[in-house]
Amino acid sequence: MTDTPNAPDPALVDPAPATVSARKRAANRANAQRSTGPRTAAGKAHSALNALVHGVLSRRMVLPDEDPAEFAAFADQWRAHLAPGSPVEDYLVVQIIGVAWRLARVAGAEAAILRRRPQRTVLAELLAEEGRAGSGPREDDSGIVEFPADALANISRYETHLERRFIRLLRELEHAQAVRARQPVHSVDSE
């Protein structure tokens, strides 16, 4: 057999995928019929939060560990301060309240990343089982846990995004209120 310059090395080529037997395929189908996901309202509500990590960009305004009464007081305070006078202004105020509430979560999310020490052993074991042992938190001899740099960088990026959106919404509200009052717009200075 002659070697061709473009032929792949046989040692690097994956073997052909094994075909699944008819018996295994039937068992897989039967299992799939029994696995239909959550059926109760409580189960569906719980599974809806499976991907929730820090909540900074959550679609839910009030997370399960937050107090709805505290959010209502927060929203009332902002609404009183911003005093919307039209449906457009009301929409902008609702958006501003949502962004401000999410910005308040940022400090908590940063703190949560830094204090995940009780979970480090379980997480390290799970990552090792998946062959990703080096991608989780690491503990040095002093007991200080290091998390991947991207965890805090992501939170910082989300915070910057929310701050920019907050400023943009305030400008839009100020403009809408000035148009309603037929006054010149004095916009918030950008950074």
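Tabulated values for the structure
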{"read-out": "Residue that is modelled with the highest pLDDT, among those in the stretch 68-115 that are basic (Lys, Arg) and farther than 20 Å from residue 58 by Cα", "value": "79"}
{"read-out": "Among residues of the stretch 53-84, those that are in contact (Cβ under 8 Å) with a residue 40 or more places away in the chain, outside any loop (DSSP other than H, G, I, E, B) and under 27 Å from residue 154 (Cα atoms), counted", "value": "0"}
{"read-out": "Residue ID - farthest from residue 102 (Cα to Cα), chosen from residues in the stretch 12-59 that are at pLDDT below 60 and within 22 Å of the chain's Cα centre (by Cα)", "value": "46"}
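The values are calculated or read from the model by the stated rules, or taken from the named source; none is laboratory data. Given the structure is predicted, the values throughout are model-derived calculations rather than measurements. Because the Cβ atoms are built from the backbone with ideal geometry, glycine has one as well, and the counts that use them run over all protein chains shown.
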